[in-house]
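To start, the structure itself, in structure tokens.
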Amino acid sequence: MPTDVPPAGEPSGAGAAPEVRASDADRDRVVDVLRDAAADGRLTVDEFDERMATALSSRTLGELAVLTADLGVGPAGPTRPVAAPPQAEDVIWIDQRGGSVRRADRWMVPRRLGLRASWCDVTLDFTDAVIMYDTLRIDMHMRGGSLVLVTRPGVVVDADTLRVRYTDIDIYPGPEPDAPVILRVWLAGRMRYGRIETRWRSRPDA
């Protein structure tokens, strides 16, 4: 029997002993709780990043419980009533000609973003964004202008399936390429006569 699997008959969840090994489902539940707390403003972005990384590497239920103890939530769910956090939209549409568009600060990252722009500069800043999902698909139909993605540790950008023509692409992993992935940004569709790049911006308190 693998050493990381609890013995048969051992309880799992809120009633389990702290030393019981955590399952992937246990870790996923805690990550969901942390995301809700960040969206609700009970965790800062830095606290969320730190706790999420710890949750993904935790081995026991006791280690997971520590991460949510001050939120009134255990690995199996709430231990006190908690106000429902704001929900991210499934789809956001950006449709503009000329000028510029910027999403920054604590914006809610959706599952999918439709980008229709002509000769427009679009900036998506993930530095302080509230990340509710593990994947963001950006369906692009851009002509001219630029798309700038400001990343942070754990945000990965993939443009392998994007069709481009006369477009410069400058995508790099940032200063912490080995950080646990919290958001994978998929660029799909097409872009002509423009530029796509990732940038890194350290937070003021970093």
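The values are calculated or read from the model by the stated rules, or taken from the named source; none is laboratory data. What you are looking at is a predicted structure, and each value in this text was computed from that prediction instead of being measured. All Cβ positions, even for glycine, are placed from backbone atoms using ideal geometry, and neighbour counts span all protein chains on display.
Descriptive notes on the structure:
- Cross-chain or 6+ apart pairs with Cβ under 6 Å, the stretch 173-198 first and of a type in the set (S, T, N, Q), then surrounded by 15 or more Cβ atoms within 10 Å (Cβ to Cβ) and not in a loop (DSSP other than H, G, I, E, B): 198/149; 198/151; 198/157
- Qualifying residue in the stretch 35-58 (condition: over 20 Å from the mean Cα position of the chain (by Cα) and either of a type in the set (Val, Ile, Thr) or surrounded by fewer than 19 Cβ atoms within 10 Å (Cβ to Cβ) (or both)): no
- Where residue 71 falls short, out of the listed (1) modelled with pLDDT of 85 or more; (2) surrounded by 19 or more Cβ atoms within 10 Å (Cβ to Cβ); (3) more than 18 Å from the chain's Cα centre (by Cα); (4) of a type outside the set (S, T, N, Q): (1)
Let's see how each residue does on (1) part of a strand (DSSP E or B); (2) of a type outside the set (Lys, Arg); (3) over 23 Å from residue 174 (Cα atoms):
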site	(1), (2), (3)
94	yes, yes, yes
118	yes, yes, yes
121	yes, yes, no
133	no, yes, no
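- Residues that are among the small types (Gly, Ala, Ser) and within 13 Å of residue 22 (Cβ to Cβ), drawn from the stretch 42-73: 55, 57, 58, 62, 65
- For the stretch 168-188, the set of residues classified as of a type outside the set (Lys, Arg) and either on the phi > 0 side of the Ramachandran plot or surrounded by 15 or more Cβ atoms within 10 Å (Cβ to Cβ) (or both) consists of 169, 171, 173, 174, 179, 182, 183, 185, 186, 187, 188, listed by residue number.
- Candidates 151, 127, 123: the one that is within 18 Å of the chain's Cα centre (by Cα), buried (at least 21 other Cβ atoms within 10 Å of the Cβ) and not charged (D, E, K, R) is 151.
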